[in-house]
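Colleague: For reference, the structure I am asking about is given below.
The values are calculated or read from the model by the stated rules, or taken from the named source; none is laboratory data. Please read these numbers as outputs of a predicted model, since none were measured by experiment. We place every Cβ from the backbone using ideal geometry, glycine too, and count neighbours over all the protein chains shown. All accessible areas refer to the heavy atoms of the entire protein, side chains included, with ligands and DNA or RNA removed. Shrake-Rupley method; radii C 1.70, N 1.55, O 1.52, S 1.80 Å.
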Amino acid sequence: MHMNNSLALLGSLRSDGNTAKALHRLIHGHPCDTLDLRRQKIAHFSYAQKYEDDDAFIGIVERIVLAPVTIFATPVYWYSYSTPMKIFIDRFSDLLVSQKPLGRRLRGCHFALLSTGSDPTPDATLTQAFDNFCDYLGIHNIGMVYSCEDGSFYDEQSVINVRKHFQNPS
């Protein structure tokens, strides 16, 4: 993994499922590393802010703040993120409490959402949740890409917009 590459966070329960396939199509040919959240040790959020020493969350966020673009890739489960992605996003609460200096470094970062599902169009509830997440943390939401199962992308313009940020994140 190259530290200046963009970062794709795969939040599917299947490492080779439709979300992984769509993610591969989106990032193919671009400088982007993929991290499978299901294979990372990330504890659920704790109000006590105490985690095991080998918890991977902080290390991943340290990579995110250096990445030109971070893609959050998730299948749509019950109008929301998958469990691995939800656990990861919930931990951003740490960045508002015990890890504020690192949390402040997220301001101005560039995030994109890639979601997959069985509906022909993107889920409005999920895209709104991601938009609110980015807005709250001062992160630039550069686009939301959707693929129905393993089919084509819903909106090619959003794909083009995300891809152009790999070259020029500004």
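Colleague: Kindly provide the set of residues from the stretch 143-170 that are surrounded by fewer than 18 Cβ atoms within 10 Å (Cβ to Cβ) and assigned to a helix (DSSP H, G or I), ordered by number.
Modeller: Correct list: Glu156, Gln157, Ile160, Asn161, Lys164, Gln167.
Colleague: For the stretch 108-142, name all the residues that are in a loop (DSSP other than H, G, I, E, B), modelled with pLDDT of 95 or more and either touching a Cys at 6+ places or on another chain (Cβ under 6 Å) or basic (Lys, Arg) (or both).
Modeller: Scanning the stretch 108-142 gives a single hit, Ile139.
Colleague: Find the residue count for the stretch 112-133, including only residues that are farther than 24 Å from Glu149 by Cβ and open to solvent by less than 60 Å² (accessible area, probe 1.4 Å).
Modeller: Qualifying residue count for the region: 1.
To keep it simple, each residue is scored yes or no on (1) out of contact with any Pro (no Cβ under 9 Å at 6 or more places or on another chain); (2) in a loop (DSSP other than H, G, I, E, B); (3) surrounded by fewer than 18 Cβ atoms within 10 Å (Cβ to Cβ).
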| position | (1), (2), (3) |
| --- | --- |
| Asp16 | yes, yes, yes |
| Lys21 | yes, no, yes |
| Leu26 | yes, no, no |
| Lys41 | yes, yes, yes |
| His44 | yes, yes, yes |
| Tyr51 | yes, yes, no |
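Residue-by-condition table, conditions (1) over 16 Å from Phe130 (Cβ atoms); (2) modelled with pLDDT under 95; (3) in contact with a helix residue (DSSP H, G or I) (Cβ under 7 Å, 6 or more places away or on another chain); (4) of a type in the set (D, E, K, R):
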residue: His30; (1), (2), (3), (4): yes, yes, yes, no
residue: Ala56; (1), (2), (3), (4): yes, no, no, no
residue: Ile60; (1), (2), (3), (4): yes, no, no, no
residue: Asp90; (1), (2), (3), (4): no, no, no, yes
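Colleague: Considering the stretch 28-45 alone, what residues qualify as being in contact with a strand residue (DSSP E or B) (Cβ under 8 Å, 6 or more places away or on another chain) and free of Cβ contacts under 8 Å to residues at least 60 places away in the same chain?
Modeller: Listed by number, the residues that qualify are Asp33, Thr34, Leu35, Asp36, Leu37, Arg38.
Colleague: Answer yes or no as to whether Tyr77 is under 18 Å from Ser118 (Cα atoms) and open to solvent by 30 Å² or more (accessible area, probe 1.4 Å).
Modeller: yes
Colleague: Can you tell me which condition Ser93 does not meet? The list is (1) under 24 Å from Ala22 (Cβ atoms); (2) out of contact with any Asp or Glu (no Cβ under 9 Å at 6 or more places or on another chain); (3) small (Gly, Ala, Ser), and all the others hold.
Modeller: (1)
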